[in-house]
Ligand SMILES: [Zn+2]
Ligand SMILES: [Zn+2]
Ligand SMILES: [Zn+2]
């Protein structure tokens, strides 16, 4: 190796100019130099000092002949060879055991973590020792070269520079050797190591953190204070950090700087993620953001602080690192002994907090649907989410994710309109906290509104939700309160809190203003905090589903009429209250007709008392003359101003003679009192409470006049054919058959076929026990037929009004094929400019068309209507 | 039978349905009123034409000389 190497490398021209003695001196020195190099590099420490003077003279003589570069190169090559043949393989051999273990498996095995730790420490120590030794050798060369240089006074640069250059060359050699031979699993081993250590640290520190929390949050000494050595925990913790610091330090020295940083950074993030999942979980009723932030302070930041501190101390004399990941924080520059957090730590804190916000945000967005179902109990989770979003600005993520959750979970045929509406309202209430301006709410609400517009019972459900507090579906805090009541309460609170906040010129200003007020103690509850926000118009967004408030009011009027007509007392306190609320929100003039309807009830009560009092007084004799006739005591009447009521189903019915007599006496008396007004009875309307007496029991029922008339026909005649009974009551047979079903279902009337196949025979069941459908004694039974309403529904009214346009619509669709809603609307406006004039809103048209779709006359596909084939 | 709660509507015992002055239904009320019935009564003239009381009063007061029935142009007198 020696002579051959020399001859192959050296310039022959140089050799020519040399004397024979010189050549032999060169050869002799070279051979000696190579020998010593080989020996010392191999690692016999004893030779290091003994051969130093010989080594030095060899180096000097070689330099003298200008062979310095050759010397340097050979020496470094020897070191490299040693690393390649010995150092690196030996180091990697430690980790052979993990060679073929799948990554995830290895990480999860806790038992192996301790093993990994020991192994890594040991291996690092070994290789570091070896490296230290090699550095010593290198220093020997450097010193020798420097010595020659002084003698030679050549211009080879500053001695300190030379040392630096050599060491960095050497370090490059070591790290490139290690890098090129690194086994695949080493990254995983690093991760596993840091995971184990950090978890250990976390356990120690979390205990710490919790203790501190219990004591007092405000006076808690800063967690950065790691010098509190009196605490046994701190000692343990410091030992652990020192241990980790040592590993990191050794790894960095071997050139694994960025890999190491990546490893502990990703470990920290993984741990943080796990922590967020753990703290947040599926509990929406407590806020977790502060605990997460606290944990970041207590564990990872303190770890990093201590680590950087350690590295800062031990690495201060090292040359600046060449490779720096963005995560890297240069220990010397980022940690100042002043004790205040360094720039590096602050950067870490921001990164970690951002990551935590984002993780929590994603977690909450993922479960937003459930959270809103749980609202307002889940208000803390919403508040957390709000803060996260303010930080990350990823509101659009929320919108996209929530809309798809809505489509998947809520806007399906299986969900009841009521549920959808309640979720809609909860969504508005919850999201207005996050989004006071209502921008995202608008986007999220649109699919729900769109969907609800396609449902026939939407308006009815909305009206019920707004006005009826007893509908058991309200899961809000004020159960038993209607939504209107609740909205009104909100508004009053708002007014109380913002007396001089007349114009909402600027959202931000409003928000600041609102925050300035001291909430009163009851309302200080954080879950109700949203009430103080600028108001997102909940009612407006609900009306927005229907399109116009007029339709809503119209529907309310129909429902109110139904309710009022079925009252047996004149108690309308709740209806009056509801009307007051409606007047506040929709204006007094819109509610005019409803007001008159309520007024009719009040008047009726007065008139009823008046009529009955004077009738009994005046016609004492007349009353007696009606032998088994009914007394006026049983009769009450509701007298309506029919012009202001919605169209009323006016079917004639023959009611029992004694009652009929009472009615005409009553009307006569009314006419006397109120001339020139007179009464027109709507005999099919109203409510009858009756008691059926059987041999062994009595049963009470509350039914319609038709039901009552039917059953009373059985008093004198136990069996009727359907034709005869219908004639007796004065209704069509099919009406009779529908109505009598009520009595059949109660087991009071039995149905059997007769000789005439078109006719049925109804018989009163005498022995109820036989009927098998025993009814508990004295139970009040209400004939509650959803389908049998006294008032024509809004839908029916609309259908009647729209019927004239039906042929236009069919005509257009026949010619054109399919058309969108808007196009049909606009075309009707053009075609029906004169007689009949088309004056309906697009929402009314839509509702009419969806009726036609339900009747299977039309088809709706992708937003366009076509004729059903 | 305990209670028979019946429903009726009231109406003015008039031949026409709407007031000739305001064109509103008799069973409704005149343009100035909010509540129908006793609060906005009808009145008959000697000619047997009926109007909302408020309407005919306005009409009568607006006439400079002797008022006439807006329907039949006969001299307006309240029916006894
Ligand atoms: Zn009038
Ligand atoms: Zn009037
Ligand atoms: Zn006249």
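For the range A:636-653, how many residues meet the condition of being within 11 Å of another protein chain (Cβ to nearest Cβ) and either closer than 23 Å to residue A:665 by Cβ or not in a loop (DSSP other than H, G, I, E, B) (or both)?
11
Does residue B:50 satisfy being within 16 Å of ligand 1 (Cβ to nearest atom), modelled with pLDDT under 90 and touching a strand residue (DSSP E or B) at 6+ places or on another chain (Cβ under 9 Å)?
Numbers: within 16 Å of ligand 1 (Cβ to nearest atom): yes; modelled with pLDDT under 90: no; touching a strand residue (DSSP E or B) at 6+ places or on another chain (Cβ under 9 Å): yes.
In short, no.
Of B:2, B:13, which residue is at the interface with another protein chain (Cβ under 9 Å from one of its Cβ atoms) and under 30 Å from residue A:692 (Cα atoms)?
Working: B:13 fails: under 30 Å from residue A:692 (Cα atoms).
On inspection, the qualifying residue turns out to be B:2.
Just one of the numbered conditions (1) within 11 Å of chain B (Cβ to nearest Cβ); (2) within 50 Å of the chain's Cα centre (by Cα); (3) surrounded by fewer than 14 Cβ atoms within 10 Å (Cβ to Cβ); (4) at pLDDT below 90 is not true of residue A:631; which one?
(2)
Name every residue in the range B:22-39 that is within 16 Å of ligand 3 (Cβ to nearest atom) and under 9 Å from the mean Cα position of the chain (by Cα), in order of residue number.
Matches in the range B:22-39: B:26 only.
Of the conditions (1) over 27 Å from residue A:539 (Cβ atoms); (2) outside any loop (DSSP other than H, G, I, E, B), residue A:414 satisfies every one except a single condition; which number is it?
(2) is the only condition that residue A:414 fails.
Keeping to the range A:661-676, report how many residues are touching a strand residue (DSSP E or B) at 6+ places or on another chain (Cβ under 8 Å) and either part of a helix (DSSP H, G or I) or more than 7 Å from chain B (Cβ to nearest Cβ) (or both).
First, the residues of the range A:661-676 that are touching a strand residue (DSSP E or B) at 6+ places or on another chain (Cβ under 8 Å): A:662-663, A:666-667, A:670-671, A:674, A:676.
From the residues that got through so far, the ones that are either part of a helix (DSSP H, G or I) or more than 7 Å from chain B (Cβ to nearest Cβ) (or both) too are A:662-663, A:666-667, A:670-671, A:674.
Adding up the residues that qualify gives 7.
Any residue that is more than 9 Å from ligand 2 (Cβ to nearest atom), under 25 Å from residue A:680 (Cα atoms) and surrounded by 14 or more Cβ atoms within 10 Å (Cβ to Cβ) - is there at least one of those in the range B:53-67?
no
Among the listed residues B:23, B:74, identify the single one that is within 11 Å of ligand 1 (Cβ to nearest atom) and loosely packed, with under 14 Cβ neighbours inside 10 Å. Let's see the steps before the verdict.
Numbers: B:74 fails: within 11 Å of ligand 1 (Cβ to nearest atom).
Result of the check over B:23, B:74: B:23.
Scan B:35, B:42 and give me the residue that is within 16 Å of ligand 2 (Cβ to nearest atom), touching a helix residue (DSSP H, G or I) at 6+ places or on another chain (Cβ under 7 Å) and touching a residue at least 24 places away in the same chain (Cβ under 8 Å). Lay out the reasoning, then the answer.
Values: B:35 fails: touching a residue at least 24 places away in the same chain (Cβ under 8 Å).
So the residue among B:35, B:42 that is within 16 Å of ligand 2 (Cβ to nearest atom), touching a helix residue (DSSP H, G or I) at 6+ places or on another chain (Cβ under 7 Å) and touching a residue at least 24 places away in the same chain (Cβ under 8 Å) is B:42.
Need the failing condition index for residue B:48 against (1) crowded, with 16+ Cβ neighbours inside 10 Å; (2) within 12 Å of the chain's Cα centre (by Cα); (3) within 16 Å of ligand 3 (Cβ to nearest atom), just the number.
(1) is the only condition that residue B:48 fails.
Could you say which residue among A:679, A:699, A:685 is away from every other protein chain (no Cβ under 11 Å), surrounded by 15 or more Cβ atoms within 10 Å (Cβ to Cβ) and in a strand (DSSP E or B)?
On the way: A:679 fails: away from every other protein chain (no Cβ under 11 Å); A:685 fails: away from every other protein chain (no Cβ under 11 Å).
Step by step, each of A:679, A:699, A:685 is checked, and only A:699 is away from every other protein chain (no Cβ under 11 Å), surrounded by 15 or more Cβ atoms within 10 Å (Cβ to Cβ) and in a strand (DSSP E or B).
Looking only at the range B:26-38, count every residue that is within 9 Å of another protein chain (Cβ to nearest Cβ) and surrounded by fewer than 19 Cβ atoms within 10 Å (Cβ to Cβ) and tell me the total.
3
The values are calculated or read from the model by the stated rules, or taken from the named source; none is laboratory data. These numbers were taken from a predicted model, which means no experiment stands behind them. When we count neighbours, we look across all protein chains shown, and the Cβ atoms used for this are built from the backbone with ideal geometry, even at glycine.
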